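The values are calculated or read from the model by the stated rules, or taken from the named source; none is laboratory data. Values in this document were obtained by computation on a predicted structure and should not be read as measured data. Cβ sites come from the backbone with ideal geometry, for glycine too, and all protein chains shown count toward neighbours.
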Amino acid sequence: MDNRQFFDLVRRMRVKQRDYFKYHRKSDLAESKRIEAQVDAEISRVERLLGLPDAIPQAPSIFDYPNDKTP
């Protein structure tokens, strides 16, 4: 995806987000989430190409921490 395609994708996503908050249509929310997933995938792809760490690291799970309350 080139810069212009990415720009257009983000622009479409923002339009759908604004439409959702203005009209509260589930179809706008679903479409904005679908486009957002594409935006996130493109960001991840470019991060991998550039060797960058994730811009938004995954939140730790409660299972990632040792249990300090063992007898």
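Here are some notes:
- Residue in the stretch 15-29 that is of a type in the set (Val, Ile, Thr), within 30 Å of Asp2 (Cβ to Cβ) and either within 14 Å of the chain's Cα centre (by Cα) or at pLDDT below 90 (or both) present: no
- Taking the stretch 11-38 as the range and being within 24 Å of Asp54 (Cα to Cα) and either in contact (Cβ under 8 Å) with a residue 60 or more places away in the chain or surrounded by fewer than 15 Cβ atoms within 10 Å (Cβ to Cβ) (or both) as the test, the residues that pass are Arg11, Arg14, Lys33, Arg34, Ala37.
- Contact map, the stretch 40-53: residues that are within 15 Å of Asp2 (Cβ to Cβ) paired with residues that are modelled with pLDDT of 90 or more and surrounded by 11 or more Cβ atoms within 10 Å (Cβ to Cβ), Cβ distance under 7 Å, separation 6+ or inter-chain. Pairs shown: Glu42/Met1; Glu42/Phe6.
- Hits in the stretch 14-67 (condition: part of a helix (DSSP H, G or I) and either basic (Lys, Arg) or at positive phi (or both)): Arg14, Lys16, Arg18, Lys22, Lys26, Lys33, Arg34, Arg45, Arg48
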